[in-house]
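Just so it is clear, none of the values below were taken in a lab; they were calculated from the coordinates. Not measured: the values here are computed from a predicted model. Please note: Cβ atoms are built from the backbone with ideal geometry, for glycine as well, and neighbour counts cover all protein chains shown.
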Amino acid sequence: MVIFSVYVVNKAGGLIYQYDNYVPRTEVEKTFSYPLDLVLKHHDEKVIVSFGQRDGIKVGHAVLSINGVDVVGKSTAEGKDILEYLKDPVNYPVSIRFGRARLSSNEKLMLASMFHSLFAIGSQLSPEVGSSGIEMLETDVFKLHCFQTLTGIKFIVLADPRQAGIDALLKKIYEIYSDFALKNPFYSLEMPIRCELFDQNLKGALEVAEKAGNFGAGS
Amino acid sequence: MSRQSNRTTDNKKMSSELFTLTYGALVTQLCKDYENDEEVNKQLDKMGYNIGVRLIEDFLARSTIGRCQDFRETADIIAKVAFKMYLGITPSVTNWSPAGDEFSLILENNPLADFVELPDNHNTLIYSNLLSGVLRGALEMVQMAVDVKFVQDTLRGDNVTEIRMKFIKRIEENLPAGEE
């Protein structure tokens with residue numbers, strides 16, 4: 001049972017905290033010789049595979065690192081454009097790691113704001129008056145749980161669909177927030193949370209929840 | 001296996017002496033810095049406001065209270081749950097206005113001012129004005145604009161401490177989704 005990530009969104013819809021607790025399993029590293037038989041293209045500031053799927057490297061996977069060094073967007077760590085680099089036979093043999101592109105922090109910010117708006121749609125679509133916003137979003141790979149406090153802060157947890165006890169975990173995260181973020185006088189409200197104690201206690205709570213989740217519905 | 005939801009801080013008992021002394025030191029330092037009772041009252045209210053906006057989340061996280069339906073329920077929760085939780089006292093709720101938008105909290109004893117006597121040159125100082133700010137800040141975070149005033153104060157010769165709270169309006173900006 002795994003808890004994948006935690007997001008905290010403030011009243012205005014801005015992401016103020018994000019923590020990822022998972023390691024993507026679908027990464028493949030291979031050594032290639034010239035010419036490269038995969039077709040790569042630019043997409044959204046990343047270089048992705050558009051044709052030539054093979055050996056675990058799928059269409060849509062992004063180039064994560066070249067020769068062991070992580071790439072930066074469309075360029076290698078040294079600043080050379082990746083597609084240019086890979087067209088030059090001099091650079092071969094080259095070892096490239098492909099995998100599902102991880103979300104950049106800007107993308108996470110945008111997705112959090114989008115979720116904030118969608119959350120409101122949940123209550124607007126409701127046939128009954130006074131419905132809450134979206135509390136749970138389910139896909140085949142994960143379940144997203146959202147808890148909105150009376151003051152408008154949202155705590156969002158992405159977890160394995162079979163994970164139990166997320167409601168208790170959301171309340172616990174609220175307590176940890178009210179302790180280690182709010183009681184820190186140097187933390188300003190609505191701003192990104194950069195408190196060590198908050199991180200540590202949150203990780204501790206996630207570990208407890210992951211272990212307890214195996215015993216059926218939590219308290 | 002049920003998980004205890006108590007946090008370790010709940011079980012730590014601290015004597016209230018340090019709290020009383022700290023608050024006293026705070027007020028006297030403000031008096032020295034500003035030398036003007038009105039100004040000190042304002043500063044205490046501001047400080048209380050900053051405390052209130054944070055305290056409300058702690059209150060909501062620790063109690064399982066949901067949204068109050070009307071101002072009467074709010075008054076009851078403030079007196080019976082919040083004051084009990086944070087100051088260990090339970091003020092009584094009285095003097096409702098006919099419109100139901102104003103009430104008084106009567107405090108028999110005030111833990112902030114246990115050992116305090118106000119000298120003559122500070123007779124407009126509202127010693128416990130921090131509490132006004134706390135109440136105002138906390139309620140503002142749950143979309144209620146209120147006006148909080150001390151109308152009686154044992155430190156200024158009255159029998160009881162009376163805090164008057166008036167509901168001004170519901171704050172419609174930045175309502176959390178689903179609260180319309």
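Length gain on complete extension for the stretch A:Arg100 to A:Phe51, per 0.36 nm per residue less the alpha carbon to alpha carbon distance?
16.1 nm
Which chymotrypsin sites (Phe, Trp or Tyr not before Pro) from the stretch A:121-219 combine a DSSP loop assignment with at most 10 other Cβ atoms within 10 Å?
Those that pass, being in a loop and sparsely packed, are A:Phe186.
Return one quarter of the surface area of the convex hull spanned by the alpha-carbon atoms of the stretch A:25-97, equal to its mean projected area, in nm².
The directionally averaged projection comes out at 4.4 nm².
For A:Phe32, list long-range residues whose amide hydrogen, built 1.01 Å from N in the peptide plane, is under 5 Å from its own amide hydrogen.
Amide H to amide H, under 5 Å and 5 or more residues apart or across chains, A:Phe32 pairs with A:Val94, A:Ser95, A:Ile96.
Can you give the FRET efficiency for A:Gln124 and B:Ser63, using 1/(1 + (r/R0)^6), R0 = 25 Å, r = Cβ-Cβ distance, to the nearest 0.05? Don't skip to the answer; put the middle values down first.
Details: r = 29 Å, r/R0 = 1.16.
That gives a FRET efficiency of 0.30.
Using the Cα atoms as the points, what is the convex hull volume per residue of the stretch A:131-219 in Å³?
Value for the stretch A:131-219: 112 Å³ per residue.
Determine the principal axes of the Cα atoms in chain A, then give the extent along each, sorted from largest to smallest and rounded to whole angstroms.
On the principal axes, chain A reaches 62, 39, 36 Å in Cα extent.
Give or take rounding to whole Å, what are the principal axis extents of the alpha carbon atoms in the stretch B:77-128, in descending order?
So the extents along the principal axes, rounded to whole Å, are 38, 27, 13.
What are the ³J(HN,Hα) values, in whole Hz, obtained from phi via the Karplus relation 6.51 cos²θ - 1.76 cosθ + 1.60 with θ = phi - 60°, for each residue of the stretch B:144-156 in sequence order, with x given for Gly and Pro?
Along the stretch B:144-156, the couplings run 10, 8, 10, 10, 10, 9, 8, 9, 9, 8, 4, 6, 10 Hz.
Subtract the Cα-Cα distance of B:Lys32 and B:Glu17 from 0.36 nm times their separation in residues, and report this length gain in nm to one decimal.
Full-extension gain reported as 3.2 nm.
To the nearest 0.05, how large is the calculated FRET efficiency for B:Val116 and B:Lys46 if R₀ is 22 Å and r is the Cβ-Cβ distance?
Given R0 = 22 Å and the Cβ-Cβ separation, E is 0.55.
Just from its helices, what would the mean residue ellipticity at 222 nm be for chain B, if runs of 4 or more DSSP H residues each count -39500 (n - 2.57) and the sum is divided by every residue, rounded to the nearest 500 deg cm²/dmol? Spell out each step's value before the answer.
Details: 5 runs with 69 residues, N = 180.
Calculated from helices alone, the mean residue ellipticity at 222 nm is -12500 deg cm²/dmol.
Using only Cα atoms, find the angle between the long axis of helix A:196-212 and the longest principal axis of chain A, and express it within 0 to 90 degrees, rounded to the nearest 10.
Orientation of helix A:196-212: about 90 degrees from the principal axis.
Can you give the longest stretch of chain B with no exposed loop site, where a site means trypsin sites (Lys or Arg not before Pro) in a DSSP loop (not H, G, I, E or B) with at most 10 other C-beta atoms within 10 Å?
B:14-180
Between A:Lys108 and A:Met136, what is 0.36 nm times their sequence separation minus the Cα-Cα distance? Round to one decimal in nm.
Working it through step by step, the gained length comes to 8.2 nm.
Mean Kyte-Doolittle of at least 0.0 plus a Cα span of 24 Å or more along the axis: flag which DSSP H helices in chain B meet both, please.
B:16-34
From the square roots a ≥ b ≥ c of the eigenvalues of the alpha-carbon gyration tensor of the stretch B:2-170, which class results: rounded (a/c under 1.5), prolate (a/b over b/c), or oblate? Display every interim value, and only then the final one.
Details: a/c = 1.72, a/b = 1.22, b/c = 1.40.
Cα axes put the stretch B:2-170 in the oblate bin.
Rounded to the nearest 10 degrees, what's the angle between the helix A:105-124 long axis and the longest principal axis of chain A, both from Cα atoms, 0 to 90?
Compared with the principal axis, the helix lies near 40 degrees.
Could you give the dipole magnitude of the stretch B:48-180 about its Cα centre, charging the beta-carbon of Lys and Arg +1 and that of Asp and Glu -1, in debye to the nearest 20? Walk me through the numbers on the way to the answer.
Numbers: 13 positive and 20 negative charges, 30 e Å.
Using Cβ point charges on Lys, Arg, Asp and Glu, the stretch B:48-180 gives about 140 debye.
With N denoting the number of residues in the stretch B:106-146, provide Rg(C-alpha) divided by 2.2 N^0.38 Å, to two decimal places.
That works out to 1.47 for the stretch B:106-146.
Skipping prolines and chain starts, which residues have an amide H placed within reach, meaning under 5 Å, of the one on B:Met144, given they are 5 or more residues away or on another chain?
Here the answer is B:Ile171, since their amide H atoms fall under 5 Å of that of B:Met144.
Restricting attention to the stretch A:128-182, which trypsin sites (Lys or Arg not before Pro) occupy a DSSP loop and are surrounded by at most 12 other Cβ atoms within 10 Å?
A:Arg162
May I ask for the Rg/Rh ratio of the protein assembly as shown, computed from Cα atoms with Rh as the Kirkwood radius, given to two decimals?
With Rg and the Kirkwood Rh in hand, the quotient comes to 1.11.
Given the -39500 (n - 2.57) contribution per DSSP H run of 4+ residues, what per-residue ellipticity at 222 nm results for chain A, rounded to the nearest 500 deg cm²/dmol?
Computed ellipticity for chain A at 222 nm equals -8000 deg cm²/dmol.
In the stretch B:104-176, what GluC sites (Glu not before Pro) fall in a loop by DSSP, with at most 14 other Cβ atoms inside 10 Å?
Sites meeting the loop and neighbour criteria: B:Glu108, B:Glu117, B:Glu172, B:Glu173.
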